[in-house]
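> Once you've had a glance at the structure underneath, I'll fire off some questions.
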């Protein structure tokens, strides 16, 4: 039986005095893909960046309410945010490989964790690159600088890097917005496969993409959750007029 | 004249003005260098490097000056580089952004612009008098370290700030701690620019005269600071001595300054030769800086 791996309770987020999220209640079932859609500035990115506490690095950022991950509040003082981020991986909007070799990009997650065993790391590099269908393209050039790859390849490398340390949840912040359609197709295919082992939350501006890859969809508007439900339902029979207006392209 | 011809005219005029200004600058520099080479070239011999200063111009050399310059530069580097990089990392990555750190930032930028003689006075008051270091190599090195410290802090911060925040986020998102991120991602990416800043600061410090005169560097000195490596007859045949830190010293620019102020014509030749040595050293250091910057640009681009 699927359970809620992640849940937000009345989540409010602020940058300084500006309130970005106005009380979000959302629950995520394990091994599902949830898409978060909404116009720019509606708080989608702030929302998923709160889940792995990467927003906590920004001065003036403040949060109220609870985020429950595996039955524990992530802001509990017993929770180490470094540990949390290993379990809640993230792929960003723009490909951001380290200016190091392809191999070192993936090995980094192991190095910082004190894992030095070469066989473990070699296997993880190969496995994760195979998962993202990059292995065949780069297997002979693992020592090549990652910045020499194309944008789409770089983004798949960032996926591989996040997958290599085997998180439970994968947060995707518009992962396809800076890459070409062919790479996008590969990444969508990848998301389908990853669903078996991971819980995925994807922020996207692309409605077709949301419809294609997700099981559940949440529609955000001006920091509020307007509608949440099965993707089929949201796209065929939205309950709220604003959702309907947005997905049919009348605003946003 | 129609509009196009007029525009063309102004374009050409400005181009001409630009060429004139740059040639003026280059020609003056070239004239100076050629003049120095003509004056000083005959004195550039091995003996010039091996001799102490002397009352007779043809006997005088820069041995104590270049050895002193190396002593001072090494001490300056050893003190200012770790402190400067450390302070830069703290201010950029750890310090909270509030009014107090803002105040510190503004003051560091101001310190980078304070005339060097003021640092000399500080060195005289604090290191020479208060700490009783006397007119020693250590006092001189500490004074110059203070002088270059703000520049190193600033260049460390600039180098760190030039790294896109996406690299930091990528590292944190994989579960890295702050120090791991700094150690593994930020420092390797920034080190080229940091080194460039350090070398430029050092080459400036090498030419500094005023603060060292203020601290009390001697102008006539016929011995060297105690060699830090002592050869012994018995096992382990070598020892390390820090006595040299407390010996008096002179440096190249002071020696040059001293020779220039002498009436005898021969000393002008000595001074020119000394200037050549100093210029070449500065040129070498600046070339290393340019080379590092170039290498860094090739290696890291986002």
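The values are calculated or read from the model by the stated rules, or taken from the named source; none is laboratory data. Bear in mind the structure is a predicted one, so any value in this text is a computation, not a measurement. Virtual Cβ from ideal backbone geometry, glycine too; neighbours counted across all protein chains shown.
> Being more than 14 Å from chain A (Cβ to nearest Cβ), in a helix (DSSP H, G or I) and closer than 30 Å to residue A:96 by Cβ is the requirement here; does residue B:182 meet it?
Spelling it out, it is not the case that residue B:182 is more than 14 Å from chain A (Cβ to nearest Cβ), in a helix (DSSP H, G or I) and closer than 30 Å to residue A:96 by Cβ.
> Moving on to the next point. Given the conditions (1) touching a strand residue (DSSP E or B) at 6+ places or on another chain (Cβ under 7 Å); (2) farther than 18 Å from residue A:170 by Cα; (3) within 14 Å of chain B (Cβ to nearest Cβ), and given that residue A:58 satisfies all but one, which numbered condition is not satisfied?
That leaves (1) as the condition not met.
> Of the conditions (1) at pLDDT 75 or above; (2) over 16 Å from residue B:65 (Cβ atoms); (3) part of a loop (DSSP other than H, G, I, E, B), residue B:289 fails just one. Which one is it?
Answer for residue B:289: the failing condition is (3).
> Quick check, is residue B:126 surrounded by 14 or more Cβ atoms within 10 Å (Cβ to Cβ), more than 14 Å from every other protein chain (Cβ to nearest Cβ) and either over 30 Å from residue A:89 (Cα atoms) or without any contact (Cβ under 8 Å) to a residue 24 or more places away in the chain (or both)?
The answer is yes for residue B:126.
> Could you grab me the full set of residues in the range B:184-210 that are under 26 Å from the mean Cα position of the chain (by Cα) and over 25 Å from residue B:284 (Cβ atoms)?
If the condition is that a residue be under 26 Å from the mean Cα position of the chain (by Cα) and over 25 Å from residue B:284 (Cβ atoms), then B:186, B:187, B:188, B:189 are the ones that fit.
> Could you please give the count of residues in the range A:71-117 that are closer than 30 Å to residue A:3 by Cβ, assigned to a loop (DSSP other than H, G, I, E, B) and more than 11 Å from chain B (Cβ to nearest Cβ)?
Matching residues across the range A:71-117 total 8.
> Examine the range B:179-189 for a residue that is closer than 30 Å to residue B:123 by Cβ and touching a helix residue (DSSP H, G or I) at 6+ places or on another chain (Cβ under 8 Å), and state whether such a residue exists.
no
> I need a count of the residues in the range A:154-181 that are farther than 13 Å from residue A:200 by Cα, surrounded by fewer than 21 Cβ atoms within 10 Å (Cβ to Cβ) and away from chain B (no Cβ under 12 Å).
Residues in the range A:154-181 being farther than 13 Å from residue A:200 by Cα, surrounded by fewer than 21 Cβ atoms within 10 Å (Cβ to Cβ) and away from chain B (no Cβ under 12 Å): 4 in total.
> Would you confirm whether or not the range B:63-82 contains a residue that is more than 22 Å from the chain's Cα centre (by Cα), without any contact (Cβ under 8 Å) to a residue 40 or more places away in the chain and surrounded by 10 or more Cβ atoms within 10 Å (Cβ to Cβ)?
Checked against the condition, which is being more than 22 Å from the chain's Cα centre (by Cα), without any contact (Cβ under 8 Å) to a residue 40 or more places away in the chain and surrounded by 10 or more Cβ atoms within 10 Å (Cβ to Cβ), the range B:63-82 yields no hits at all.
> Within the range B:293-301, identify whether any single residue is more than 14 Å from chain A (Cβ to nearest Cβ), surrounded by fewer than 21 Cβ atoms within 10 Å (Cβ to Cβ) and more than 19 Å from residue B:48 (Cα to Cα), and answer yes or no.
yes
Yes or no, residue by residue, for (1) within 27 Å of residue B:291 (Cα to Cα); (2) out of contact with any strand residue (DSSP E or B) (no Cβ under 8 Å at 6 or more places or on another chain); (3) surrounded by fewer than 21 Cβ atoms within 10 Å (Cβ to Cβ); (4) at pLDDT 90 or above:
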site: B:185; (1), (2), (3), (4): yes, yes, no, yes
site: B:207; (1), (2), (3), (4): yes, yes, yes, no
site: B:215; (1), (2), (3), (4): no, yes, no, no
site: B:230; (1), (2), (3), (4): no, no, yes, no
site: B:238; (1), (2), (3), (4): no, no, yes, no
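> Return the only residue of B:201, B:222, B:139, B:205 being in contact (Cβ under 8 Å) with a residue 40 or more places away in the chain, assigned to a loop (DSSP other than H, G, I, E, B) and within 27 Å of residue B:255 (Cα to Cα).
B:222
> Hey, another quick one. Looking at this structure, is residue B:266 away from chain A (no Cβ under 14 Å), farther than 26 Å from residue B:152 by Cβ and over 28 Å from the mean Cα position of the chain (by Cα)?
yes
> Looking at the range A:4-53, what strands (runs of 3 or more DSSP E) fall wholly within it and have at least 3 residues that are within 24 Å of residue A:244 (Cβ to Cβ) and under 14 Å from the mean Cα position of the chain (by Cα)?
Strands (runs of 3 or more DSSP E) meeting the threshold: A:33-37.
> So, one more: Restricting to the range B:150-177, and then to whatever is surrounded by fewer than 19 Cβ atoms within 10 Å (Cβ to Cβ) and not in a helix (DSSP H, G or I), can you tell me which residue is nearest to the other protein chains (Cβ to nearest Cβ)?
Per the criteria, the residue is B:177.
> Could you list all residues from the range A:118-141 that are crowded, with 18+ Cβ neighbours inside 10 Å and either facing chain B (nearest Cβ under 9 Å) or more than 22 Å from the chain's Cα centre (by Cα) (or both)?
Of everything in the range A:118-141, those that are crowded, with 18+ Cβ neighbours inside 10 Å and either facing chain B (nearest Cβ under 9 Å) or more than 22 Å from the chain's Cα centre (by Cα) (or both) turn out to be A:121, A:138.
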